[in-house]
Amino acid sequence: MPKTYEEINKKIKNNEAVVLRADEFIELVDKKGLKEAAKEVDVVTTATFGPMCSSGLFINFGHSNPKIKSGGGEAYINEVPAYTGLAAVDLYIGATACQWNDPRNQIHPGKFAYGGAHVIEDLAKGKDVRLKVHAYGTDCYPRKELDTWINIKDLNEAILYNPRNCYQNYNAAVNLSKKTIYTYMGTLKPSGENITYSSAGQLSPLLKDPLYKTIGIGTRIWLAGAQGYISWYGTQHNPNAERNNKDIPTGGAGTLAVVGNLKEMDAEYLRGTSMQGYGATLTVGIGVPIPLLDEEVAKYAAIKDEDISAPIVDYGNDYPICKSSDLGHVTYAELKSGKIKFKGKEVQTSSLSSYNKALEIAEKLKQEIKQGKFLLSRPAQLFPSSDTDKTQKPLNYKEPKKEIFQ
């Protein structure tokens, strides 16, 4: 018999809901079968904890006396540039922005960047950070310079808004060139000596709801220790990506845009991360509850690591020029084993994301639901799915006319 959001939330409020982590639900299905497990369990919790470059923070730092208009000017927080093209005292600092006095062309092997992600972590920790603003001055906003220390407790708003998180599957990265390369997938040794990946596999939210039956716009989520929301499908959301016979995408597909209040978050689950030779990124902890509305939803929630495969991509040659070579696929069960067979030799694998941390998040979300502290929200709108024309297109490059820039 199908369940409804209302019925499940009533159970949660009465502390009667049966909630399991995704890994626990897999074990239950193996033991009792899908039909019985689907009847018994109300909610399955999923989670991931990994680097998510498309992340950032909106802040409103309040009016100075005399007032200043940061919009149209320049702003730096701990020497990291913040976007000013908003209103007078609103800023957005992106996770991958790097200190302005540490130019990107100096980010080389052996050098680690301090960026917007580290500013976000420092704010979440309650540290003071230095804000500098250079403005052109107007009649209503006459001040032209501001140099002060700010703290999250003094900010009017600190809104974490991440345009693309929680990739639904991703690449397993290898380097078949003759030199070591430094990428957002970590350091890749030459001649295919190591493989890196970044996914919680059978615990990852969108891999447990591959057709977006329950995850959509308005879904309440666990975001770095606070209750946040899915605000839209994420950038590069591609529901028409190739899938296997269990409807699981065999490469990057769906994504989430998420939003939440940084003032309520725990810096333990928001880590400024430096990628050697590449730059800065933000490692984010996200948990998403899946209501087991029916047996079909339960079937997908029971998908295992051995059912999910990632494409092996050569970042030394193919990735920079958007070329697709068929190097095969590898399952997450194989990746998580630490070694795989690739081109006739045993190759070490390593993950940029933390499965143990994802388990910790899934357990925290599970306990909050069981204690009645976290209710489920019905999506206001489901995501575009494979029966829509929502696809990802490459850049249609056109030589610009010179007169445009004159």
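List every residue pair whose Cβ atoms lie under 9 Å apart, where the two residues are 6 or more positions apart in sequence or sit on different chains, the first residue falls within the stretch 8-32 and is aromatic (F, W, Y), and the second residue, located anywhere, is assigned to a helix (DSSP H, G or I).
Going by the 9 Å Cβ cut-off, the qualifying pairs are F25/A37; F25/A298; F25/A301.
Please find, among E40, E27, E7, the residue that is surrounded by fewer than 23 Cβ atoms within 10 Å (Cβ to Cβ) and within 17 Å of T214 (Cβ to Cβ).
Exactly one residue qualifies, and that residue is E7.
Among the residues in the stretch 369-376, are any over 26 Å from Q227 (Cβ atoms) and either in contact with a His (Cβ under 6 Å, 6 or more places away or on another chain) or surrounded by 15 or more Cβ atoms within 10 Å (Cβ to Cβ) (or both)?
Checking the stretch 369-376: not a single residue is over 26 Å from Q227 (Cβ atoms) and either in contact with a His (Cβ under 6 Å, 6 or more places away or on another chain) or surrounded by 15 or more Cβ atoms within 10 Å (Cβ to Cβ) (or both).
Take the conditions surrounded by fewer than 20 Cβ atoms within 10 Å (Cβ to Cβ), touching a residue at least 60 places away in the same chain (Cβ under 8 Å), touching a Ser or Thr at 6+ places or on another chain (Cβ under 6 Å) and farther than 26 Å from N245 by Cβ and apply them to S354. Does it pass?
Answer is no for this residue.
Among the residues of the stretch 215-238, how many are touching a residue at least 60 places away in the same chain (Cβ under 8 Å) and in contact with a helix residue (DSSP H, G or I) (Cβ under 6 Å, 6 or more places away or on another chain)?
Looking only at that region, the number is 3.
Here is a check on your reading of the model: is K339 within 20 Å of S191 (Cβ to Cβ) and either surrounded by 22 or more Cβ atoms within 10 Å (Cβ to Cβ) or free of Cβ contacts under 8 Å to residues at least 40 places away in the same chain (or both)?
Judged against the criteria, K339 is a match.
May I ask you to list the residues in the stretch 319-335 that are surrounded by 15 or more Cβ atoms within 10 Å (Cβ to Cβ) and under 24 Å from the mean Cα position of the chain (by Cα)?
Once the filter is applied, which keeps residues that are surrounded by 15 or more Cβ atoms within 10 Å (Cβ to Cβ) and under 24 Å from the mean Cα position of the chain (by Cα), the stretch 319-335 yields Y319, H329, V330, T331, Y332, A333, E334, L335.
From D305, D389, grab the single residue that is out of contact with any Pro (no Cβ under 9 Å at 6 or more places or on another chain), among the acidic types (D, E) and closer than 23 Å to V19 by Cβ.
Only one candidate qualifies: D305.
Here's the yes/no breakdown for (1) outside the structural domain of Y114 (by TED's automatic domain parsing); (2) closer than 19 Å to Y170 by Cα; (3) among the polar types (S, T, N, Q):
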site	(1), (2), (3)
Y278	yes, yes, no
T283	yes, yes, yes
V288	yes, yes, no
E295	yes, no, no
E306	yes, yes, no
A310	yes, yes, no
D318	yes, yes, no
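Do we have G62 as of a type in the set (G, A, S), at pLDDT below 95 and over 30 Å from A17 (Cα atoms) here?
no
The values are calculated or read from the model by the stated rules, or taken from the named source; none is laboratory data. Keep in mind it's a predicted model, so treat the numbers as computed, not measured. Using ideal geometry, Cβ is built from the backbone for each residue, glycine included, and neighbour counts are taken over all protein chains shown.
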